[in-house]
Each structure stands twice: as C-alpha cells, then as structure tokens.
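What follows is a set of notes on a single structure, which appears directly below.
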Amino acid sequence: MASSKKGIPKNHVIGFILSLVMTVAAAWAAIRSDLPVTWVIIGIMVLALLQAGVQLFMFMHVIEAGSGGGHVPWNMMFHGFALAAILVAGSLFTMSFGFDHGDHGGGSGGGDEQFEEQPEEHAGH
Amino acid sequence: MHITDILVTGEPIIYAAMVSIALVTVAIVFLLTYFKKWGWLWREWLTTVDHKKIGIMYILSALAMLFRGGMDAMMMRVQLAFPNLGFLDSQHYNEIFTTHGTIMIIFMAMPFLIGLMNIIVPLQIGARDFAFPYLNALSFWSFFFGAMLFNISFVIGGSPDAGWTSYTPLSGAAMSPGPGQNFYLMGLQLSGIGTLATGINLMVTILKMRAPGMKLFHMPIFTWSTLVTCFIIVFAFPILTVALALLTIDRIFGSQFFTLTGEGLPMMWANLFWMWGHPEVYIVILPAFGIFSEVIATFAKKRLFGYNAMVWSMIIIALLSFLVWVHHFFTMGAGAFVNSVFSVSTMLIAVPTGVKIFNWLATLYKSKIEFTVPMLWSLSFIPSFILGGVTGVMLGMAAADYQFHNSYFLVAHFHYVLIAGTVFACFAGLVFWYPKMFGHKMNERIGKWAFWLFFAGFHVCFFPQYFLGLDGMPRRLFITNIAEWLPLNIISTVGAFGMGLGFAVFVYNIYYSYRYSERETTGDSWNGNGRTLEWATTTPVPFYNFATVPYVDEIDPYVRMKEEGKTTFDETKLKPIHMPSYTGQPIIMMSFLGLASFGLIFEWIPVAIAGLIGGVVMMIVRSFDYDDGYYVSVEEIKRIERKARGL
C-alpha cells in the first residue's frame, strides 16, 4: 500500500503517450507506408521491443529504487518469454510444418521449409 | 436507421422473449420504486468494493446465465427429439447452440467460480479484501456489461450463429454479415478485460496478503487452485484478446487476417482460439478440483491426502495445458508428426489428473463420511468425471479422433467433464459456503432432491450421446429424423428435462431456505467440521473479515485452534482497520465501455468513439482520485465483534 503522492505522474504520462505513438506508427507502417514488406516487418519488430521496454521501465517497476530490486518482475518476465516462445514456435510448427503432404516430417530442416511452404499452401486454394 | 431494422422480427419465440424481458424490467423498476430501494441498491450493491458482495453478484449473474443457457439447451433437445415438429428453424438452431456454448463457458462457469473465489479466497488466507478492491468492482462490471451485451443479441440485431468457437472463415464478414458475430467478439472482449484483471488481482492478493506465517504450502487447497488458475488466466487471456481484436478488425475495418482472400489464414483463428481455449478449460476445472478437495476433506473429517502431490499436479496440469491445443483440430491435417506430438502431450495430462483422483479416494479411505449435499455433489463427481476423462483420452488419440471428431461422442465427452467437473463443483461450493454468504444453510432435504434429479438427469441426458456419436451423429446438426438415432435422442431429451427440474428445485431451495432455514449462530457451520480460516470468522462475516489477523503456520489451522479452544479474535490486539471506500466509478466506466462496444457491434463509429471517450475520461478521473479509504475505529470493531461472538 504505497501512499499516493499528489501531482502528475510524469513517467506514466510519458510512457502512455510513447506507447500510443508507437502503436500508431506500427499501424501506419503496415497500412499506409510504401516500405517493402521486409522493412515493415523489421520496423514492427523494433517497435515491439521498444514498446516492451516502455512497459517495463515506465510502468513495471524495473528501475524502482525503493524496492531494492525486490519488485523486479523477473519471474513473470521469464514466464512471458516462455509463453511467447510457445505461441510463435507452436504456431509455426502446427500451421506450416509438414504441410506438403508428401514428407512425413522427420524434423530435419523444418525451420527453413516453413517459410517456403506457406505460399504454396495459398496457391493450393 | 429505424428501430425495426435492428430488432429481430418474425419469430413467435422471440416476440415472447421480448414481452417477457419488458415485463421483467417493468416489474423490477416498479418493485424498486414501490419499496423505495433505489438508494439501497446503489449504496449497498452497485457501488460496492467489498469482495463478499461482489462475489454474491457474480454468483447471482451466473445463476441467471445458467438459466438462460439451460433454456437454450432444452430448446435444442426438443428440436432433436421431435425433429418433425418444426419447433426451431435452422438459423434459430444455429444461434441457440452458439449462445448456449458461449454463455455456459464464458458467462456461467467462469463467473460462478470467480464469484466463489471472490468470497472465499480472502477469508481463507486471512485478508480483509482484495489487493485492489476498486479493480475488483471494475472486473465485475466489465463481465456484467459484456454478458448483457451478449444476451440482448437475440432480440436486437440477431445472435451469433457460427458456434462458440466462431471459426473463420464462417465467422468472417464475407460469410456472416451483420451484427451477430460482432456481439460475440465485443461481448467476449469486454468481459475478458474483467477476467484478466481478476486474474492479476487474485494473484497479487494471494501472493502478498496472506496471514502472517502462512507459507504458500500452508494455503488451503482451494486458494492454491485459485492461484494456479490465475497464472493460466494471465497467460492465456491475452491470446484471446489479440485473436478477438484481429477478427474484429477483419470484420469491421476490412483487414484480412483470417479471410480466404488476400493472404488470410483462416485456420490461424482455430490455432489462436485453442491456444487460449485449452488453458480456458483448465481455468474452469482447476478451481472445481479445489472445491471438491475442500468439501471431501471436510466431510471425510481428515486432512486432504497427499496435499503436496495435489498442489504439484495442479501446477503440472497448468503447464501442460499450454502444450496440447492442437488436439482440438487434429483433423485440420497438420500431418502425422505434429498430431503425434500433441497426442502424446494430451495423454500426459491424464497422469496428474489421475494422481488427484487417487488422492481424493485415499482421503475418503477408512474415513467416517458425512453425506451432506455438498459431499453428494463431490462424491458423484469422481466416477462421472472419470467417464469424461477416459473418453477424453480416447479423443486424444489423433488417429481415432478422425472418427470421433465433431460427433456426439465429443459432445458427450465435454459435457461429462464440464458438468460433472465444473457445474457439480459450482453447486457443491455454493451449498458448502452458502452459510458464510447468507447466514443460513440451504435446506438439506430439498437439496438432496435437487442433487438426485440433476445427477440422474445428467447421466440419462449425456450417456446416450456417446452412442449417438459412435452411430455417426454429428454435432450442431439440425435435422435428425434418422430412425436409428431417434430413440437415443428422446432418452437424452428426457434427461435434459430432468436436469432442468433439478435446477428448478435448487433455485426453489434458495427461496425456501431464505424463508425457513435456521439462522446460523456460530461461524463453523458444518457441525464444527471446518478446517480452514473461513470457518473461523463469525457469521455473518463482518465487512472487515478479521478483527485481528491470526498467525498461521500449518495446513488446516482452524482444526488446531478449535482443539486448543482459541479463536482468531484477540481483543487486546485491536487496531483501527483500513478499509477501501465504496465508489460508483467502476460501474460508470464500464457502462461507457459497454456503450462503445455496442457502437462497434452495429459499426456506428460515432457512438463507439463517444463511449471510448467516456471510458478514457473515467480513467483520468480515477488517476486523480486520492480517496485512500477510511479507518474503522477500535470501539466500533469491539462493538461488532462482541455482538457477533456473544461476549
């Protein structure tokens, strides 16, 4: 129960505005800009990392001095990364692995195939 | 835009529903005005931040939703038993099975369990409220407005009709135009905010606000199940949020994430949906396991057998729940290797679940069992749930699943786990903790009638469905006048009405007990068999729960307290108690967001923007809200406690 200090919480306001700006920038890059797809993806990735940084440093007590590091949410960050890994790797695995119907997927070279196979799948429709 | 454009017209059942909604609304407004209860309603309930009152509101809403979902179910069963009657047309049938599934999972099972957690968890860990009481009220109202939004769809705009899984491309703009699917998306999105917030709230409450001395492995098992559930909620719900948002953008703003054209990936919806959806089924079953564990230990009058194994098996179930989602769509054809991986991970879940079953049996072994109503629900859960679990393992075999997939075998399986698991637990938990909530028990004799009717009806309803599935009857089928299926379908419908009757008796029991049940004088309502801290409080529970917070360093602390003749109350240690103030902000903020959602459903962008602005303004108001609550004076606590304890 932290006692609330009166006044404008500068960090939070700046963080909030920054995260809005970065969200709009990402939407603009995807919808309106004429950048090549590769650059759009790279741009969105970079913005995502920055966004995570804003959340951690401006909202999530990572640099909170008073707590002596006791509030640093390492535990939850680890779980978050684990979940993101399951989400991304799992989706790639289920949605594109072994979709050529001929190969029974021994597991070798799966990573490279995935990206090549996806367009074929669409051509099939 | 004319009013008749958005109202659903042309069906006698719907007109009857409109009339009854109007009559009920008028009746409620009249009664509140006649008895001058508007102020009371606002001051005591709508603005409350007390976890006990919020829990009661959750449970009342969940019971209403159980009624709504149950009516849907019985209409479906009538159609299936009498296919030539023309009771429902195909569109109406599609809408009903969609709303039945969505309401039962999202607006019945979860709120019911969250309601029980709300009331019981702070009492079990010796806390005075949630870590964030304001946020708790916000969660409730977000669920409430989400549920209302979803429920009005059948008279305004038309209900969603693409199944509770809402698979794309069927649920996309091209194949399901109109507001129906938007109701699904926005209703779930709005109530999902509340669920996520509750997950965080309860997690912080359990991790930070336990009574002094209480280590994690001293916590009551229901609190443990809540903690594990909160982790699943916090990690699974963002996936649903994103999936719903992507589909909303698809439908309203014309993007192509899940469409057939423009490089969309329709099956990605199924993938994301079940990445949330599978953890979701553990969100509704783990708290149920917790409730059964409490009830069984109490009425076997023994400490729960294998407490540590119980906790670890829940944690392992939670981990595995994120690794099995593909078994819901083996037939997508991801390939033998992918399916095999998920087949194996699915079967692994049977191991910790089996551990739990044997621990319950071992708790019962050689104990003097008291057959109360909550115990009956818990004991009947074990064999019924095993039937559901074993057929689940059968469905988990990828090769066999190609045969069972989307047949009534699957329908029977998930009703066996969800009803025998979650619904039985909701009833068991409500009856078990009822004296803590309302100060009197539910009538045992009527309660047993309700139990036996529901229990028998459940098996008569769903057991035949396994065989219907094996006979090839697919789910979500509207025309079933095939001679081989008819007898089993009729038996199943009889069972469904038995369950309906059981529910009616249960609700009647609430009224009957309110009128005639003896009022509780002690806090330890079940013949002094309570084992955990919630039974150490007085009944009715004072708004601050514990006048003095006890020191706890063991499992089932109340057993020893009773042996030593102690209570949690120590008048010499009284200090002023810091409590949060009631506030009307949560309900106002969420009604604005409800308005925004309503605008998005009909794609009236100005309305949506107005609602969103209102929501943001309320958030700014909250940001500059310096109300730090108030203190209850020692004299007042003394007065309340002396009266409650008869000192």
Cα extents of the stretch B:562-647 along the three principal axes, largest first, in whole Å? 65, 30, 19
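Please give the length that would be gained between B:Thr9 and B:Glu263 if that part of the chain were fully extended, namely 0.36 nm times their separation in residues minus their C-alpha to C-alpha distance (nm, one decimal). Working shown, then result.
Working: separation 254, 0.36 × 254 = 91.44 nm, distance 3.75 nm.
My answer for the length gained is 87.7 nm.
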For B:Leu207 and B:Ala309 in one chain, what is 0.36 nm times their gap in residues minus the Cα-Cα distance, to one decimal in nm? 34.7 nm
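Kindly give Rg over Rh for the protein assembly as shown, based on alpha-carbon atoms, with the Kirkwood expression for the hydrodynamic radius. The partial results should precede the final answer.
Numbers: Rg = 26.5 Å, Rh = 27.8 Å.
For the protein assembly as shown, the value is 0.95.
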In this structure, the FRET efficiency calculated for B:Ala336 and B:Ile479 from their beta-carbon separation, with R0 = 51 Å, to the nearest 0.05, is 0.90
So for the pair B:Val29, B:Lys368, with labels modelled 7 Å out along Cα→Cβ, what separation do we get in nm? 5.9
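Ratio to report: Rg/Rh of the stretch B:434-572, with Cα atoms as the point set and Rh obtained by the Kirkwood method; give two decimals. Before the final figure, lay out the partial values.
Numbers: Rg = 23.2 Å, Rh = 18.8 Å.
Result for the stretch B:434-572 is an Rg/Rh of 1.23.
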Computed over chain B: longest principal axis from alpha-carbon atoms vs helix B:585-601 long axis, angle to nearest 10 degrees, is 0
Debye log10 I(q)/I(0) at q = 0.13, 0.15, 0.28 Å⁻¹ for the stretch B:190-255, Cα point scatterers: -0.47, -0.56, -1.13
Sort all Cα-Cα distances of the stretch A:9-67 into consecutive 10 angstrom bins from zero, then give the percent of pairs in each bin up to the one containing the longest distance. 23, 42, 23, 10, 2
Calculate one ³J(HN,Hα) per residue across the stretch B:399-408 by plugging θ = phi - 60° into the Karplus curve 6.51 cos²θ - 1.76 cosθ + 1.60, and present them in order as whole Hz with x for glycine and proline. 5, 5, 4, 4, 7, 7, 3, 6, 9, 5
Working from Cα positions, state the angle (0 to 90°, nearest 10) between the long axis of helix B:486-516 and the longest principal axis of chain B. 30
Residues B:Phe432, B:Phe543, sorted so that the one with the fewest Cβ neighbours within 10 Å comes first: B:Phe543, B:Phe432
Based on the alpha carbons, how large is the Rg to Rh ratio for the stretch B:328-385 when Rh follows Kirkwood? 1.24
Measure off 7 Å from each Cα along the Cα-to-Cβ vector at B:Ala456 and B:Ala174, then give the distance between these two points in nanometres to one decimal. 5.3
Counting each DSSP H run of 4 or more residues in the protein assembly as shown as -39500 (n - 2.57), what helix-only mean residue ellipticity at 222 nm follows after dividing by all residues, to the nearest 500 deg cm²/dmol? -22000 deg cm²/dmol
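At 10 °C and 1.306 mPa s, grab the translational diffusion coefficient of the stretch B:510-562 from Stokes-Einstein with a Kirkwood Rh over Cα pairs, rounded to a whole number in µm² per second.
Values: Rh = 12.5 Å.
Roughly 127 µm²/s, to the nearest whole number.
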In this model, which of B:Lys215/B:Lys638; B:Lys436/B:Lys643; B:Lys366/B:Lys441; B:Lys302/B:Lys356; B:Lys566/B:Lys643 are farther than 21 Å apart at the alpha-carbon? B:Lys215/B:Lys638; B:Lys366/B:Lys441
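Could you give the Stokes-Einstein D for the stretch B:54-156 in µm² per second, using the C-alpha Kirkwood radius, 4 °C, 1.567 mPa s?
Once the numbers are plugged in, D ends up at 86 µm²/s.
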Against the 2.2 N^0.38 Å rule of thumb, the C-alpha Rg of the stretch B:523-608 sits at a ratio of 1.86
Share of Cα-Cα pairs in the stretch B:391-481 beyond 17 Å, whole percent, is 59
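Taking the alpha carbon gyration tensor of the stretch B:1-95, what are the square roots of 5 times its eigenvalues, largest first, to the nearest whole Å?
On the way: eigenvalues 233, 75, 29 Å².
They are 34, 19, 12 Å, listed from largest to smallest.
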From zero outward in steps of 10 Å, how is the percent of C-alpha pairs of chain B spread across the bins? 3, 15, 26, 28, 18, 8, 2, 0
Calculated FRET value between B:Lys36 and B:Arg515, using beta carbons and R₀ = 25 Å, to 0.05: 0.65
Nearest 10 degrees, 0 to 90: helix B:336-364 Cα axis against chain B principal axis: 30
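No lab work stands behind these numbers, since they all come straight from the coordinates. The shown structure was predicted, so the numbers you read here are calculated from the model rather than taken from an experiment. Cβ: placed from backbone, ideal geometry, glycine included. Neighbour counts: every protein chain shown.
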